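Enquirer: One structure, pasted below without further comment.
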Amino acid sequence: MISKNSKFQKRRGEQVSGTLLGGFFVALFCGVALFLIANNIVLNQKRTELESKANDLKIQLEELQKAKANLEQGIGDAQTQEYQEKILREQGLYKKPGEEVVTILPSQDQAQEKNTKSGKVWWDPRTWF
């Protein structure tokens, strides 16, 4: 009878250790799988965020290219003689023979308002009253 019990105990010990080892590997596999799934979700969120930033930057690039084209066109227009003549005429620095330059001055009321506003300064007590 002793021999039967010892064989039974060895088999039972082997079954318990085999079950524990199998459980350990299943838990390890599930842990690795969960880690990879969580990592995949985080990477997917980052990818979506970066794609939206890339789209925003593409839109901004297109707007900047349009602005650059407008500025280049403005530079080209500013280099023409007609445009330069127009600017000089507006400033009163250019006139053709037979023309007269007319300068419109602000009214005296507006000039007095500017003088009264600029005449008072906070650090000079003589201008307070």
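Enquirer: When you go through Thr103, Thr19, Thr48 one by one, which is the residue that is more than 27 Å from the chain's Cα centre (by Cα) and either aromatic (Phe, Trp, Tyr) or modelled with pLDDT of 80 or more (or both)?
Expert: After ruling out the rest, the residue left standing is Thr19.
Enquirer: Go through the range 71-85 and report how many residues are outside any loop (DSSP other than H, G, I, E, B) and surrounded by 10 or more Cβ atoms within 10 Å (Cβ to Cβ).
Expert: The qualifying residues number 10.
Enquirer: Given the conditions (1) outside any loop (DSSP other than H, G, I, E, B); (2) at pLDDT below 85; (3) among the charged types (D, E, K, R), and given that Lys58 satisfies all but one, which numbered condition is not satisfied?
Expert: (2)
Enquirer: Mind listing whichever residues of the range 86-100 are among the small types (Gly, Ala, Ser), loosely packed, with under 10 Cβ neighbours inside 10 Å and modelled with pLDDT under 80?
Expert: none
The values are calculated or read from the model by the stated rules, or taken from the named source; none is laboratory data. From a predicted model like this one, the values you see are computed outputs, not experimental measurements. Please note: Cβ atoms are built from the backbone with ideal geometry, for glycine as well, and neighbour counts cover all protein chains shown.
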